[in-house]
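Taking it in order: structure first as C-alpha cells, then the write-up.
The values are calculated or read from the model by the stated rules, or taken from the named source; none is laboratory data. Computed from a prediction, not measured in an experiment: that's the story for all the values here. Heads up, the Cβs are rebuilt from the backbone with ideal geometry, glycines too, and the neighbour counts pull from every protein chain shown. Remember, those area values only see protein heavy atoms, side chains included, never the ligands or the DNA or RNA. Shrake-Rupley method; radii C 1.70, N 1.55, O 1.52, S 1.80 Å.
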Amino acid sequence: MSKIAISSDSTLSISQEKAHELGIFVLPLNVIVDETEYHDGIDITNVSLAKMMRGGHKIKTSTPTPYEIELYFNNIFAQGYDEIIHFTISSHLSSMYDLFTKTCGENWPGKITVIDSLSICRYMAENVLTAKHYADLGLGRDEIEKICLNRRTDGWLFFIPENLTHLKNGGRISPTVAAVGNLLGIKPILAFKNGLIEKEATTRNIKKTIREEIIKLANMKLSPDEYNLNVVVFDTKPELLDMVRKAASELMPKFDLNVSDLSINVCAHTGPGTIGCGLSKKIGVK
C-alpha cells in the first residue's frame, strides 16, 4: 500500500509543533515587513505581526520560491512517503495553486496531488485533517481527493476588521474611503464564501452586527453533528471575543465552538483587531 503524506501551506493556521503531533506537514508562507522576509510560524507569529502592523510597518505577502518548494517536498519524500496530497490557500486569493501545480508537475509528475482548498484558517484545517483521517484509514490518493473536493466549499465565515487602514494599505480600498470610514467609525462586514472574500455590508455597531450574523448562521439549520461553529481572531480585544462566545452559546448552544487564529496571510490584509465567526464541516464528514 502506498504511503501518503498530507501537506498544506500555513494558511490552515496550525503550528509546526501541532502539525508534527497530528502527523501532517506544513509549509510556512512568507510575510514581508519593511522589505525583510519572514516565515510564518518560524520567525514571525500573529502576535509579532500585530505589533508590527500597529507600529505602522509596511506589510506584504509573497509566495515561496521554487527552491523552497523543492526543498520542502524532497524532505517529505526522504522520510519514506510515496505520494503527497498538498493543499493550497484558495486560488481566488493567491496564485499558490497555479504555482504548486506547475512546480509539482515538473519535478514530481504523478506523485503529488495539489488541491485548491478554496479556504483559509480553521476551515482549511478541517479539510486537511479530513484527508489525514482517510489516509490513516487506508484510502488511496484519488479517493481522498474526491472526498476533499466535494466538501471544500461547505463552510461559511464572516469577519469584521477593527478599521479600514490595512485594507487600504493592501490596495483593497482607496485611501479616501478608508479615511472617511475610519473617521465615521464604519467597519466592513466581509464574507468568505466559495473561496472568495467579498464585502457584504458595513456597520458602526460591531456587537449588534455580530449577533445578527450569528443569527443568520443559526437560521441555516445545519446539524451540530456535522458542523462546527468557529471563531477566528487576530489580536482581538478579549471583551469582544467574550461577547461572541456568549452570543454563540446562547444562539447556537448545540454546536461545538472552536476559537483559532486567523491565517497570517489574511491578517496581513485585514489588520489587528479582526474577529470572525462561521460554520465549517467537521473532520471526517463527507
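For region 221-267, run through the GluC sites (Glu not before Pro) and keep only the ones in DSSP coil with at most 16 other Cβ atoms within 10 Å of their Cβ.
Numbers: sites: E226, E239, E250; in loops: E226.
Sparse-neighbourhood loop GluC sites (Glu not before Pro): E226.
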Contact order normalised by residue count of the chain, Cα under 8 Å, 6+ apart, percent
22
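Calculate how many DSSP beta bridges within region 1-105 are antiparallel, expressed in % of all such bridges and rounded to the nearest 5. Walk me through the numbers on the way to the answer.
Numbers: 8 of 17 bridges.
Antiparallel bridges make up about 45 percent of those DSSP assigns within region 1-105.
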Quick one: if the Förster radius is 22 Å, what FRET efficiency do L22 and S91 give, using the C-beta to C-beta distance and rounding to 0.05?
0.35
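Report D for region 202-286 in µm² per second (integer): Stokes-Einstein, Kirkwood Rh on Cα pairs, 4 °C, 1.567 mPa s.
Result for D is 96 µm²/s.
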With every protein chain in place, the accessible area of D43 for a 1.4 Å probe, in Å² rounded to the nearest 10, comes to 80
List the residues whose amide H sits under 5 Å from the amide H of G284, counting only those 5 or more places along or on another chain, with H placed 1.01 Å from N in the peptide plane.
T130
Residues with amide H under 5 Å from that of I44, placed H, sequence gap 5 or more:
H39
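So how strong a dipole does the chain carry about its Cα centre when Lys and Arg Cβ are +1 and Asp and Glu Cβ are -1, to the nearest 20 debye? Write out the running numbers ahead of the final one.
Numbers: 32 positive and 34 negative charges, 240 e Å.
The dipole magnitude comes to about 1160 debye.
Using a Förster distance of 22 angstrom, determine the FRET efficiency expected from the C-beta separation of L137 and S223, and round it to 0.05.
Values: r = 22 Å, r/R0 = 1.02.
The pair L137/S223 has a calculated efficiency of 0.50.
Considering only protein heavy atoms, with the full assembly of protein chains and a 1.4 angstrom probe, order R211, R122 by accessible area, largest first. Present the calculation step by step, with values, prior to reporting the outcome.
Numbers: R211 90, R122 65 Å².
Sorted descending by solvent-accessible area, the residues read R211, R122.
Once you keep just the Cα pairs under 8 angstrom separated by 6 or more residues, what percentage relative contact order results for region 182-286?
Working: 122 pairs, mean separation 32.0, N = 105.
It rounds to 30 percent for region 182-286.
How large is the direction-averaged shadow of the alpha-carbon convex hull of the chain, in nm²?
Values: hull surface 58.4 nm².
That works out to 14.6 nm².
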Estimated distance in nm for a label pair at T65 and K216, the labels positioned 7 Å out from Cα along Cα-to-Cβ:
4.3
Cβ-based charge dipole, the chain, positive-most Cα from N205, T236, I32:
N205
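At 1.4 Å probe size, put M220, M96, M52 in order of accessible surface, largest to smallest. Write out the running numbers ahead of the final one.
Working: M220 70, M96 5, M52 40 Å².
Most to least solvent-accessible, the answer reads M220, M52, M96.
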Region 83-124: Rg/Rh from Cα coordinates, Kirkwood Rh?
0.99
